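One structure is given below, encoded as structure tokens.
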Amino acid sequence: MDELSNPVTAPPPKVFLETFGCQMNFLDSELVRGRLAERRYAFTTSREDADVVAFNTCAVRDHAEERVRARLHELKRAKERRPDLVVAVLGCMAQREGQALLQRFPHVDILCGTREFGRIDELIDRVRGGGGPIVALGDHDVLPDWKRDLSQRPHRHSAFVTIQRGCDRACTFCVVPRTRGPEVERTMDDLEREVRALVDDGVVDVTLLGQIVNAYGRKSGGDASLARLLRRLDRVPGLLRLRFVTSFPTLLTPDLMQALTDCESVVSYLHLPVQSGANRCLKRMARGYTAEAYLRLVDRLREVVQKVELATDIIVGFCGETDAEFNATVELMRRVEFVQAFIFKYSERPGTAAAQGMPDDVPQAVKAARNQELLALQESIQRRRNRARIDSVEQVLVDGPSKRDKSVLSGRTSANRIVHFRADAAMIGRVVQVRVRDATALSMSGDLVAAG
Ligand code: SAH
Ligand code: F3S
């Protein structure tokens, strides 16, 4: 604290906070809201109404950054009209661009990096007290010690919990190690405390988050590991579902596979990004495994973990990707039949090894065509696999009314398949059994058989 952080005497400022990107960003925004609520800031869903406009940003692909740049352009006028409006850019894009962002958008008052969220209240106070612009991109991570404000949770029954931040790998396409820094981990005691508090507050479904979540434990050097953590959390009474994302293929230990089979609450679902099915491409990406090794791992998983379902991420059009390499990815997808696949067109990220040493030479039109081809392939796989479940009985965690039809409830199977059915709203937050009657590529529908 310094002399600029005066106590705010005026009515509490209203904050508009918009979040871009991954689940971790959404959880970070929840923590930021908790921090600000503690300091009696108010919130608004209207930018026009706000005293502080903050964007929690993503830098993984240029498209995500472009959306924030458009928002910042839009705010130029508002800032001219109301010079006391505070404009803050939080998270990965602030961290990646630093001062350059301020040069381009001089009306931005605060750059708050991924390890500075814990000071957001102080930074806003300083700007409102006449300071700024402020660039806070330090590398100390105060966030994991935050006391979570349970009143800020966006969902009653489901919650994210960050167990690890940052990434020590260096996949050549990826900006995350630069924006989120090296791996840092929370302790198992701290995590168990948080999960118990969440469950006491009504949560039944917890997703553990980490950039490379199955590396959990290796940094601290003690007895912590993801498998041990799962076993501990599995014993928390009332926790019905426990999942974790995102896993790195080479770090999937036999111990972790065993925990997946032993722990009742841990779902048989793994998000295991493969990125490409071609060895030369994987090598240029510096992923550290071959397609054959990935497929062996899939076979092993399917042997050990009954009914395991796999999801993946794939990049098309990475530097130098040939037709033959792309076809190897098609082959791998046909072979594995993922339950879900997130497919991205390669987007060059400044500062990465690929941007420095490899030309982004696959034409946009080719990237777009490959993207479409994989989306269509995945859709046909999902449709076939979902339709194969017609007449089966699924265990469904009920999320709430369906977005399209409020008279229908929507829930998820343990493999994240969406299921619609009619039932009383009292079922929300419970695991029920639904017999599947119909299915498309994106969801299934059916009848309630039994309430869990
Ligand atoms: N381990 C992280 C990865 C973050 S990035 C996680 O939690 O998922 C998420 C996905 O975005 C990656 O798996 C990759 O498929 C994709 N991606 C990362 N960098 C990219 C880039 N430069 N262009 C296109 N897609 C990218
Ligand atoms: Fe990115 Fe590779 Fe880490 S995709 S987050 S550098 S494991």
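The values are calculated or read from the model by the stated rules, or taken from the named source; none is laboratory data. Everything numeric in this text was worked out from a predicted model, so none of it was measured. Cβ sites come from the backbone with ideal geometry, for glycine too, and all protein chains shown count toward neighbours.
Quick look at the values:
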| item | result |
| --- | --- |
| Hits in segment 244-276 (condition: away from ligand 2 (no atom under 16 Å from the Cβ), without any contact (Cβ under 8 Å) to a residue 60 or more places away in the chain, surrounded by 20 or more Cβ atoms within 10 Å (Cβ to Cβ) and not in a helix (DSSP H, G or I)) | VAL266 |
| Pairs with Cβ under 7 Å, 6+ apart, first in segment 411-427 and within 16 Å of ARG241 (Cα to Cα), second among the aromatic types (Phe, Trp, Tyr) and crowded, with 17+ Cβ neighbours inside 10 Å | SER414/TYR269; ALA415/TYR269; ASN416/TYR269 |
| Selection count where residues are in a loop (DSSP other than H, G, I, E, B) and within 16 Å of ligand 2 (Cβ to nearest atom), scope segment 218-243 | 2 |
| Residue tally, condition more than 17 Å from LEU233 (Cα to Cα), hydroxyl-bearing (Ser, Thr, Tyr) and free of Cβ contacts under 8 Å to residues at least 60 places away in the same chain, over segment 178-222 | 1 |
| Residue match in segment 381-393 (condition: touching a helix residue (DSSP H, G or I) at 6+ places or on another chain (Cβ under 8 Å) and not in a loop (DSSP other than H, G, I, E, B)) | yes |
| Inter-residue pairs, beta-carbon under 9 Å, first in the same structural domain as LEU251 (by TED's automatic domain parsing) and in segment 156-177, second among the basic types (Lys, Arg) and assigned to a strand (DSSP E or B), 6+ apart | SER158/ARG241 |
| Condition check for GLY357: of a type in the set (Gly, Ala, Ser) and out of contact with any Leu (no Cβ under 9 Å at 6 or more places or on another chain) | yes |
| Candidates GLU331, GLU321, GLU325, GLU348, filtered to the one that is within 16 Å of ligand 2 (Cβ to nearest atom) and either in the same structural domain as LEU301 (by TED's automatic domain parsing) or not in a helix (DSSP H, G or I) (or both) | GLU348 |
| Matching residues, segment 190-208, being part of a loop (DSSP other than H, G, I, E, B) and more than 15 Å from SER265 (Cα to Cα) | ASP201, GLY202 |
| Exclusive hit being over 28 Å from GLU331 (Cβ atoms) and in contact with a Cys (Cβ under 6 Å, 6 or more places away or on another chain), set LEU239, LEU230 | LEU230 |
